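The values are calculated or read from the model by the stated rules, or taken from the named source; none is laboratory data. Worth saying up front: this structure is predicted, and the values here are computed from it rather than measured. Cβ atoms come from the backbone with ideal geometry, glycine included; neighbour counts cover every protein chain shown.
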C-alpha cells in the first residue's frame, strides 16, 4: 500500500475536510482518505501510487492550495506491532 500526504491550506472546518475528501475520492482510487483542518493535511491510503499532480490540481480547482505532496510505502500496523 501507499500513503500520500498533502499539505492543504484553506480548510477551516469539518465541512472543508469532508469536501476535500470527496474531491480526492472523485479523482483517485483510494482505500481511505482523511483530512484535518487543524493539521492542514490530507492523508490518502491506496493500493497503487496516487497521481499527486492530478489530486493537487483537483483540490486546487476547488479553491484550496496544496503546498506539498509526499508519497511513501505504507504497511498497515497489526495488533501489538506484530507482522
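A few comments on the model shown:
- Matching residues, the range 26-48, being over 8 Å from the mean Cα position of the chain (by Cα) and not in a loop (DSSP other than H, G, I, E, B): 26, 27, 32, 36, 46
- Condition met for residue 75 (exposed (fewer than 15 other Cβ atoms within 10 Å of the Cβ), part of a helix (DSSP H, G or I) and at pLDDT below 95): no
- Residues of the range 21-36 that turn out to be surrounded by 15 or more Cβ atoms within 10 Å (Cβ to Cβ) and either touching a residue at least 60 places away in the same chain (Cβ under 8 Å) or closer than 20 Å to residue 74 by Cβ (or both), as a count: 7
- Here residue 4 clears all of (1) surrounded by 18 or more Cβ atoms within 10 Å (Cβ to Cβ); (2) assigned to a helix (DSSP H, G or I) except the condition numbered (2).
- Note on the range 37-56: residues that are under 19 Å from residue 9 (Cα atoms) and in contact (Cβ under 8 Å) with a residue 24 or more places away in the chain total 10.
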